[in-house]
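Structure record follows, encoded as structure tokens.
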Amino acid sequence: MFKKILLCIDLSPASESLMGCIGEMRRLGLEEIVLAHVIYVANTPGLEVMLEEDARPFLEQQKANLEAHGFRVTIEMPFGLPAHTLAETAENHDVDLIMIGSHGRSIIGEAVLGSVSTKLLRLTRRPVLLVPLTILEKKNRDHVCGSIFENILFPTDFSTSAERVITYIVKIALETMCSVTLFHVLEGSESDPVKKDQRENAERFLLNEKQQRIERGGVTRIIVDQTWGDPGQKICKKVAEGDFSLIVMGSGGKGVVKELFFGSVAKEVVRHADVPMLFIPANEDA
């Protein structure tokens, strides 16, 4: 499924931790890696060549390490605005996935908490896997990387975008034998008990229909849950209370998912959910 990926790295120790998670991607068919290090000098033009020369030994070493594990590896050190350059590089190489860390310096530091992430996630037509590098610092790297596809949380609405995610969920679950929790947040509140019950039943019906679709795909380890409240807070709470190894969500849907991807909920989840996150764009077929 993810045979070829774009791996975005900088020159920090955090990047080396991210490299340690590549082996787990082999379970999803990984064969080829494009190592991308974006060189961007905003106010001091002319330093690009020097920065490229400084970065090359590190990238060459990482390339050799990955090749020793049987992967085909290409190095890219393009100049330009990070988000646009990463999106263009992903298109040029026709990758199946962009993998990037959410902590570190240079491009990695900007990847999630700054404008680069928002722009990249809106620009790219490729799935994006965000790995919070802080969890690799606080926990055993082998444990985090070795269990990334063990227990998936799938926050969902009932949009076309969310429907596309099901295809990925089924493929990942069949390849890795992971468990899946289908989770829906009913945003807001309802004081009228009758109306509250009616809405819960209606949305539970739609949620169960998604469960059946996933089960028809061959997935047997699946749990369904829904709750009321603020989507970002409830998703983070769900992650904190559970033993989830990955959040998988769609982009461009309505309600929870759209807000989750582009708005304040995204910041809430990315900053507080201590697990990797896989974003599936609405216009990308699995």
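The values are calculated or read from the model by the stated rules, or taken from the named source; none is laboratory data. The structure presented is a predicted model; accordingly, all values stated were derived computationally and were not measured. A quick note on method: Cβ atoms are made from the backbone with ideal geometry, for glycine too, and the neighbour counts reach across all protein chains shown.
May I ask you to say which residue of Ala55, Ala90 is part of a helix (DSSP H, G or I), surrounded by 13 or more Cβ atoms within 10 Å (Cβ to Cβ) and at pLDDT 95 or above?
Just a single option satisfies the conditions, and that option is Ala90.
Testing Val41 on (1) touching a helix residue (DSSP H, G or I) at 6+ places or on another chain (Cβ under 9 Å); (2) surrounded by 15 or more Cβ atoms within 10 Å (Cβ to Cβ), one condition comes back false. Which one is that?
(2)
Being in contact with a helix residue (DSSP H, G or I) (Cβ under 6 Å, 6 or more places away or on another chain), under 23 Å from Leu28 (Cα atoms) and part of a loop (DSSP other than H, G, I, E, B) is the filter here; which residues of the range 58-82 pass it?
Result: no residue meets the conditions.
May I ask you to verify whether Glu32 is closer than 19 Å to Asn92 by Cβ, surrounded by fewer than 19 Cβ atoms within 10 Å (Cβ to Cβ) and not polar (S, T, N, Q)? Lay out the reasoning, then the answer.
On the way: closer than 19 Å to Asn92 by Cβ: yes; surrounded by fewer than 19 Cβ atoms within 10 Å (Cβ to Cβ): yes; not polar (S, T, N, Q): yes.
Against the criterion (closer than 19 Å to Asn92 by Cβ, surrounded by fewer than 19 Cβ atoms within 10 Å (Cβ to Cβ) and not polar (S, T, N, Q)), Glu32 qualifies.
Being in the same structural domain as Lys234 (by TED's automatic domain parsing) and either more than 17 Å from Phe154 (Cβ to Cβ) or without any contact (Cβ under 8 Å) to a residue 24 or more places away in the chain (or both) narrows it down to one residue among Thr181, Thr220; which is it?
Thr220
Kindly establish whether Leu121 is in a helix (DSSP H, G or I), modelled with pLDDT under 90 and surrounded by 15 or more Cβ atoms within 10 Å (Cβ to Cβ).
Yes: the conditions hold for Leu121.
Counting only residues that are among the β-branched types (Val, Ile, Thr) and out of contact with any helix residue (DSSP H, G or I) (no Cβ under 6 Å at 6 or more places or on another chain), which one in the range 181-213 is surrounded by the most Cβ atoms within 10 Å (Cβ to Cβ)?
Thr181
Can you name the number of the only condition in (1) crowded, with 22+ Cβ neighbours inside 10 Å; (2) farther than 30 Å from Thr176 by Cα; (3) modelled with pLDDT of 95 or more that Ala83 fails?
(3)
Lys195 is checked against (1) over 17 Å from Phe149 (Cβ atoms); (2) modelled with pLDDT under 90 and fails just one. What number does that condition carry?
Every listed condition holds for Lys195 apart from (2).
Contact list please: Cβ distance under 6 Å, first residue in the range 13-42 and without any contact (Cβ under 8 Å) to a residue 40 or more places away in the chain, second residue not in a loop (DSSP other than H, G, I, E, B) and not aromatic (Phe, Trp, Tyr), pairs at least six apart or on different chains.
Listed pairs, sorted by first residue: Val41/Glu48.
In the list Cys21, Cys8, which residue meets the criterion of being more than 26 Å from Leu81 (Cβ to Cβ), buried (at least 22 other Cβ atoms within 10 Å of the Cβ) and in the same structural domain as Phe58 (by TED's automatic domain parsing)?
The conditions single out Cys21.
Restricting to the range 246-280, give me the number of residues that are crowded, with 20+ Cβ neighbours inside 10 Å, at pLDDT 75 or above and part of a loop (DSSP other than H, G, I, E, B).
Count: 3.
Which one of these does Pro45 not meet: (1) under 24 Å from the mean Cα position of the chain (by Cα); (2) modelled with pLDDT under 85; (3) over 26 Å from Ile148 (Cα atoms)?
That leaves (1) as the condition not met.
What are the residues in the range 176-208 that are part of a loop (DSSP other than H, G, I, E, B), within 24 Å of Val269 (Cβ to Cβ) and among the small types (Gly, Ala, Ser), if any?
Correct list: Gly188, Ser189.
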